[in-house]
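The values are calculated or read from the model by the stated rules, or taken from the named source; none is laboratory data. Values in this document were obtained by computation on a predicted structure and should not be read as measured data. Counting neighbours? That spans all protein chains shown, and the Cβs are built from the backbone with ideal geometry, glycine included.
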Amino acid sequence: MPAGRRPSGGPVRHNNPVHRFTEYPNVPYEGPIPVDPDPDWPLETMEWWNFLVKMPHCVGWGDTDWRYAKDTGHIHAEWIRTKRLMCLPELRMREAKMGTTADARLTTRIRWVDVDGADHDDATVTPIRKIGG
């Protein structure tokens, strides 16, 4: 019999917990936007806003999320106007929280899923041909 005490039978804490993704249909959001963009924003910020408000997971946003997005728009506009580097860390952090990139969505456990019913796991791989052997 091995030395030491017997296992307690309690929970095993070294196992990785299961984290579930929140899935949204991969279609542009076309619902209501409870906040308007600032009319004084530069063109680049208006383009950023138009991209932001069409992200599929905006369907899950509440009023405070929309307000957070507009406040982030002000920071984006400040960066575009002044090019002050001190705007970038805050802008990057806020964009990550809103899931504006694929990496940010992975971190925040957001997944856009295709709704066309197509199975995308059927990709084929061309075998590599050995040269000279």
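Of note:
- Just so you know, in region 65-87 the residues that are among the β-branched types (Val, Ile, Thr) and within 15 Å of Leu52 (Cβ to Cβ) include one that is farthest from the chain's Cα centre (by Cα), and it is Ile80.
- Which numbered condition Gly60 misses (of (1) surrounded by 18 or more Cβ atoms within 10 Å (Cβ to Cβ); (2) within 19 Å of Val27 (Cβ to Cβ); (3) not aliphatic (A, V, I, L, M)): (1)
- The listed residue being on the phi > 0 side of the Ramachandran plot and either modelled with pLDDT of 80 or more or among the small types (Gly, Ala, Ser) (or both), out of Gly9, Gly31: Gly9
- Residue match in region 42-50 (condition: surrounded by fewer than 16 Cβ atoms within 10 Å (Cβ to Cβ), among the polar types (S, T, N, Q) and closer than 20 Å to Asn26 by Cβ): yes
- Boolean, Asn15 is polar (S, T, N, Q), within 28 Å of Leu106 (Cα to Cα) and either at pLDDT below 95 or in contact with an Asp or Glu (Cβ under 6 Å, 6 or more places away or on another chain) (or both): yes
- Considering residues of region 98-133 that are of a type in the set (D, E, K, R) and at pLDDT 80 or above only, the residue nearest to the chain's Cα centre (by Cα): Arg105
- The lone exception for Tyr29 - which of (1) in contact with a Pro (Cβ under 7 Å, 6 or more places away or on another chain); (2) over 14 Å from Ile110 (Cβ atoms); (3) assigned to a loop (DSSP other than H, G, I, E, B) it fails: (2)
- In region 80-100, the residues that are exposed (fewer than 12 other Cβ atoms within 10 Å of the Cβ) and polar (S, T, N, Q): Thr82
- Filter result for Pro89 (modelled with pLDDT of 95 or more, more than 30 Å from Val115 (Cβ to Cβ) and in contact with a Lys or Arg (Cβ under 7 Å, 6 or more places away or on another chain)): no
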